[in-house]
Amino acid sequence: MHVENYTTELIEKNGIFFAKKEEQVSYPENGNEICFQLEEESFWFKHRNDCIVEAVLKYCPKNVFFDIGGGNGFVSERLQKSGIPTVLVEPGIQGCINAKKRNVQPVICSTLDNASFNKNTLPSIGLFDVVEHIENDASFLSQAFTLLRDDGYIFISVPAFMALWSDEDVKAGHFRRYRTQDLENVLTRLGFTIEYSTYIFSVLPVAVFLFRVIPTKMGLIRKPGSLNEHKKDHRARKGIVNFLLERLWRYEVKSIKRGRRIPIGGSCFVVARKPSALVQVLNSGK
């Protein structure tokens, strides 16, 4: 896979492609390093990966996949192991270094804008828990639309429901949470065709409401936890609870494979497609 097929505005150094200029993003400075310590044992990151891979294999398994804002390459590594050629694009240098440790390649250290990709060239784009960090989400998704080639796909996951907003969202650098309909509306207005839309992590809204929303409303702001506390939150529990959750996660992955919608969850997951140029012209005349 040659990055030069998509952009010639990058500089390669020590096996990483760098944009010519840097840009600040709304994300905690140590966020990638904390996630790097969590991902391998985290039920949340694992299940999200299972959902992503099942969807990509269903809709565009042969496309080159651009994992935008892909952090430490946890998603990119899984996609590559599943036979999907993947390019990681991540603005944080620590995330890029961690991705190299996972043997992810190629790795581009850049935001989507600064990578200067050629218009109408990217076959598939993934934005996994990225859009909520963008203040002007419509403008950002419009840029993605311009970069995608005709009949290219975009895969998006975001946190669900503003009713679940808490101090944890503020700490994470989020601007908003979504309903699937909100995300569908934005994408449709920009010209995308919605291929599939669902919620995932169907039991998490209850836990988020009890342990994040209520304390936030009561003014009980949690102090930043230790790494061991974060690991405890992400580690799968043993016993009957874990058994039931594992069955539920398998059900969600099977639902994605069969194109069935899950009615509620802690995250939204949407797959959309950029129509062909002819269809875009016809739609513009409506």
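The values are calculated or read from the model by the stated rules, or taken from the named source; none is laboratory data. Since we're looking at a predicted model, the values are computed, not measured. Counting neighbours? That spans all protein chains shown, and the Cβs are built from the backbone with ideal geometry, glycine included.
Within the stretch 11-27, is there a residue that is touching a helix residue (DSSP H, G or I) at 6+ places or on another chain (Cβ under 6 Å), surrounded by 20 or more Cβ atoms within 10 Å (Cβ to Cβ), in contact (Cβ under 8 Å) with a residue 12 or more places away in the chain and under 30 Å from E252 (Cα atoms)?
no
Scan the stretch 60-83 for residues that are within 24 Å of L147 (Cβ to Cβ) and in a helix (DSSP H, G or I) and jot them down. Walk me through it before giving the result.
Start the filter on the stretch 60-83 by keeping residues that are within 24 Å of L147 (Cβ to Cβ), which leaves 60-80, 82-83.
F74, V75, S76, E77, R78, L79, Q80 - these are the residues of the stretch 60-83 that are within 24 Å of L147 (Cβ to Cβ) and in a helix (DSSP H, G or I).
I'm trying to understand the selection: among the residues of the stretch 105-146, which are under 30 Å from S166 (Cβ atoms), in contact (Cβ under 8 Å) with a residue 12 or more places away in the chain and of a type outside the set (A, V, I, L, M)?
Hits for the stretch 105-146 are T111, D113, G126, F128, D129, E132, H133, E135, D137, F140, S142, Q143.
Which members of the stretch 108-166 meet the condition of being of a type in the set (V, I, T), outside any strand (DSSP E or B) and touching an Asp or Glu at 6+ places or on another chain (Cβ under 9 Å)?
Within the stretch 108-166, T111, V131 meet the criteria.
Which one of these is over 29 Å from D113 (Cα atoms), surrounded by fewer than 21 Cβ atoms within 10 Å (Cβ to Cβ), of a type in the set (A, V, I, L, M) and modelled with pLDDT of 95 or more: L190, L220, L164?
L164
When only residues in the stretch 28-58 that are surrounded by fewer than 19 Cβ atoms within 10 Å (Cβ to Cβ) and among the basic types (K, R) count, which is farthest from I134 (Cα to Cα)?
Applying the filter and picking the extreme gives K58.
Pairs only if they're at least six apart or on different chains, beta carbon under 7 angstrom, first in the stretch 39-59 and part of a helix (DSSP H, G or I), second polar (S, T, N, Q); list them, first residue then second.
E39/N72; R48/S157; V53/S82; L57/S82
Just the residues that are touching a Lys or Arg at 6+ places or on another chain (Cβ under 7 Å) and under 19 Å from E23 (Cα atoms), please, taken from the stretch 110-127.
Hit for the stretch 110-127 is N114, nothing else.
Go through the stretch 134-161 residue by residue and tally those that are within 28 Å of K81 (Cβ to Cβ) and surrounded by fewer than 20 Cβ atoms within 10 Å (Cβ to Cβ).
Qualifying residue count, the stretch 134-161: 2.
I need a count of the residues in the stretch 170-187 that are at pLDDT 95 or above and not in a loop (DSSP other than H, G, I, E, B).
9
Of the numbered conditions (1) touching a strand residue (DSSP E or B) at 6+ places or on another chain (Cβ under 9 Å); (2) surrounded by fewer than 21 Cβ atoms within 10 Å (Cβ to Cβ), Y178 fails exactly one; give the number of that condition.
Only one criterion is unmet by Y178, namely (2).
When you look at P106, is it over 23 Å from I256 (Cβ atoms) and touching a Ser or Thr at 6+ places or on another chain (Cβ under 6 Å), yes or no?
The answer is no for P106.
Return a yes/no flag: does the stretch 150-163 have any residue that is more than 22 Å from N63 (Cβ to Cβ), hydroxyl-bearing (S, T, Y) and under 17 Å from the mean Cα position of the chain (by Cα).
no
Name every residue in the stretch 49-62 that is in contact with a helix residue (DSSP H, G or I) (Cβ under 8 Å, 6 or more places away or on another chain) and not acidic (D, E), in order of residue number.
Of everything in the stretch 49-62, those that are in contact with a helix residue (DSSP H, G or I) (Cβ under 8 Å, 6 or more places away or on another chain) and not acidic (D, E) turn out to be N49, C51, I52, V53, A55, V56, K58.
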